[in-house]
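As structure tokens, the structure follows; a few thoughts come after it.
FYI, it's all coordinate maths here, none of it is from the lab. These figures come from a predicted structure and were not determined experimentally. Neighbour counts are summed over all protein chains in view; Cβ atoms, including those assigned to glycine, are modelled from backbone coordinates with ideal geometry.
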Amino acid sequence: MQAKALTWAMVNGYVCSDCRRGIGRWWKVLLTRMIASSFGLVHNDPPGIVCELGRMLALPYPIPCDKLPRPVQNGSKLQDELSRLLPANMIVMEADEQYEARTKDSRCFNHFELPHAEKLLTDGYPLVGTFVSCFLPLGHVKSVTQDEHFISTFRSSPKLFILELFAMKIPYLLGLRFLLPAAAMQAGHAYTVQEVENAVISFYTNPTNVVQANAWLVEFMQTKSAWEISIGLLQSSRQEVKFFAANTLHQKMKNDSEDLSTEFSSHLLNAILVFLNTASAGNPQILTKISLALVELGLQLTKTEGQLKAMMLDNPNFLSLQPEIALEFFLLLPQEWDRWSVTRARQDKALGELAQLLSHVVALLQSILAMSNREDLMKRSLQALSGWCKFGLTLSNLKELPIYPMVKQLTSSPVVGKEALELFESAVVNETHPPEPEQVILEVVADMAQLQPLLHNAIMSNNDSFCDGFCNLGRALMLRRPSLMASGKGETLAIANVMLELCAHKNRGISEVSMEYFDDLQTVEMVERHEFLQKQIFSSLSELLATRCALYPADCEDWDSGDTDDFNMYRRRVEDALQNCSVCLQADNLGILCSLLAKHQNNSWQVVEGILFAVSCIGGELTTLTGNAERQAVLAGVTNLLTHFIFTRSIPQHKLVIASSLKVIENYSRCLTQNPSLLSPSLEYVLPSLVNPDTCEYGARAFREVCSRGCLHLRDPALVQQLVQGIVSEMNRIPREILQDVVESLGRVIAVLEVPAIETNLDILMAPFLSRLADILDQTGSNPGFVKASVLVEAASCIHLVGATVRFLEVGEEQLSACPQRPHPVVSVISKAWEVLEAFGNRFGGDSSIAEAISCSFIRAIKQAKLRTQPAVENLFQLTTSLFRSSHSEKCLEFAQEAVEIFGGIEGASRVFGELFNQLSHVKFEIAQSKGHELALVTVMMREKYPVQAVLSFFERVVNTSSPYFENFLSHWFEANGSSLVQNLVIALAETAPKEAMVRLAHLLFHLNAKFGSVHQTWLQNSLFGPSFPAKDIDEDTKKQFLSGNMNVERNPRRYQALIDDFANICRRQQTCDALVAYQMSPYGEKRKDS
């Protein structure tokens, strides 16, 4: 099985054809799909990655195979990258139409579709990787800082199987490399250059031998003889053999650098340099691979001071390299530096060595730049200089270079201007001590200002690369010297205006970077800024964001989900920028936007929607202003906006415009309490949106906020009843996912009325879903047998609506005292719904969704009415216990724990509570197959966090109750079961309890200790020293230290929590026993003497 999986892994890497979305967890799915195929779990097709669209393209690695075409979408970024790394005959360009036509052919080998993929994902079915991992005894060791030492130490182990995955320089092209144990090698096999060359040629030319040749070559790559043989293979006449040799040297340099001695390093270096001086080095794929090997060797040479310069940079063979060959090395070294995984000390040493060589390297690069008249070489030279800035090339150093005037002139080139600007950016971002002189920064600013005509031409001609370079340099200047850029000195104001214009650039990346310029400007205190940069420029920015940046494009109706997600992500950035403007402008910002709406209300819907979006974005900032004048200005602006534009529907009624207007009502709902006359028209505007699928989500949020903020002002019974009847009449059209939220909001409004009016409106509101529940009961009959899951889902939804009715039904004592003979409205709701709730609990209590819905409704009822639910509490307890027996739902325990807190001290309720606890404690936990243990005790040892948290919280409330009847109902239970409870708690602590439950577990142990004292200590001691204690490697001294710590910190909840956490970590081998030393001294000066 492993051999087959290895074969597939080496022959095939994978790339998603829809590469713009990428592949999540690709490495795990890749491996498990390969192994699943070996088990026969995935039919007979070649293994591949299951991605959302189920579309794959296979790419071979490590050796490109020209027998398999590499289809690439025309115009994609992948096209350019592949052309650098793969021969031209391996790349096939195709449009989407060609791809669709090709994949319809049943003979297409590299296209896979997973039927019903979206449904499988949304319904929660396990991925193949998750399924297969249940059957495989596989583990892993995470990467450490000294990977080379780790690999070399453990390579000889016969149990070692390492899968190393790395991303190449191109996006979405993934490579695999396997390090096999020594036992898997061909012991004593002597490889020859000709033998290896024949294997490589066989891999390319003999399709029937691909798998065997690949496996043989992989084994060869792990041997020490691969060094010399690869050097020899560089002299081959075949391009694919040279590529294999270059790739092998690169991988050996990355993973087996410990094989290199100083003498062999010199030999290897000279061999690579000699090859680079041949015509074969001109092949782009081979050049990149061999240059990467040279870079790795160069980084290794930094171990010894002066070795890199002496052996490489001063080497005649290096100095004689063609410019494009030498540039590849200078370009790749800074990139590989960022990915170099070594210790911090080793990195610092290498950095110091490279910094000393900086002047030498810059001299070589500027000689290439000065002699070159080719645009591609000029670009690469500038890019290399930019990369080497990280090793200490500052702006002041750059100005002293002989080529500085040339670089400065190149910034005005529409072709290489971006690269020249990036060089300045890289020099600017370098931190220097002392900082760069102010005049040096201002000279760069002045040079940028002179580029404005060229920038405008670039915008008009869609030269995004130049615009990108310009805005990145502007952002770098503001980031590094914000106070200077905000001072107005020199041409800083001109740059601010240019960055403002770039905020509206159609390229969203350029736009976002330009917005960050103004974010950084806000870090400068207002008094330190030029007057223009205090408010005026933010007024212009706010207008630009609303009328240009936030606009939906004309083709938005045809977007797929990916386009929508990209736009929404960009809009969140626009939202941040708008809120940033409000920090300076405050209420004036709303005035600016309202004026824009008045000006553009008859324009396209996109402009109107953009302005409304901007208004909604700043609502949270403006409605929390503290100044009275500011608050009045905001209220006036909101009133004008609502009454003149939104309520009158005088703006375009596109669905997205309506959605944004609903966001405005939601975000400015605080203002409705200041002007109650806006409440009724707000509700009239919102209600129609609740039945429209395009706007219902926005409408529900707006409705919730209006009801929440304005309920105290909606005291007219006729108005409320009209509102309730309006909702009820449309209840069948309101989508189920928002209906619960709507009902809860209505409960808030109903609660402010007098009790008779409350009951009347509750009857109207509950009638539809109680009627539907009764219909379901009639349809299923007294002996329901098989019932469709959709019917139970609908029933659970209706039961949840009962709970939603009472969730915010906050009736005050003054209202209740006016009608002393009437029950609390919550009790009335439960009473009227009791018949159907009881029937559903008895018939379908084993269904977890029904049990949870009923328990949730009961929880909401007793939380809201508290002691006033006492008349109904006995029935609630009995039904909850029955549900608990059938479904084992943690919500039943949550109801019980709430009941303990509310009714624990009431005589009548305590009797019922005691009966409940007795019943619960005798329910068997059949799922756990522990027939001799009681439900609550077994639940403690479950590994699922929610049931564990619920039962721990339940026990904590039980132990900590202030009920005077504790002795009558609970003491006997704990006398009989306390030892078993503590034993299971200790097992949970040491092994099974999830981290999320540890806090509640510590609280329960703390309260047990406080309640039972020495008895609890005995229980604890028996548990630690008994045969069931799971952490067998914990010695007796450690257990005694834990017991001693229990007594020493028993009065300090925080210290007790820390003690439990530390002991749990010791049991789970995450800490040593030294962690318990801190708990051995009593905070009272001496050890406690327990009575």
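Local charge for Glu705 was computed over the other residues whose Cβ lies under 14 Å away, with Lys and Arg +1 and Asp and Glu -1, and equals +2.
Put the Cα centre of the range 583-655 next to the Cα centre of the range 555-569 and the gap is 25 Å. Stokes-Einstein diffusion for the range 242-368 at 10 °C, viscosity 1.306 mPa s, with a Kirkwood radius from C-alpha pairs, works out to 108 µm²/s. Which of the residue pairs Lys252/Lys309; Lys1011/Lys1032; Lys599/Lys663; Lys254/Lys309; Lys289/Lys390 have a Cα-Cα distance greater than 25 Å in the structure shown? Those over the limit are Lys1011/Lys1032. Each part gets one Cα centre, and for the range 498-546 versus the range 699-749 those centres are 41 Å apart. Normalised by residue count, the range 386-486 yields a Cα convex hull volume of 92 Å³ per residue.
Its alpha carbons considered, the range 692-784 gives a radius of gyration followed by a Dmax of 14.9, 50 Å.
Summing +1 for each Lys or Arg and -1 for each Asp or Glu, what net charge is found among the other residues whose Cβ lies under 12 Å from the Cβ of Gln1070?
Charge balance in the 12 Å sphere: +1.
Computed about the Cα centre, the dipole magnitude for the range 495-573 is approximately 280 debye when only Lys and Arg (+1) and Asp and Glu (-1) carry charge, each at its Cβ.
What does the net charge come to around Ser582 if you take all other residues with beta carbon closer than 12 Å to its beta carbon, with K and R at +1 and D and E at -1? Counting the neighbours of Ser582, the net charge comes to -4.
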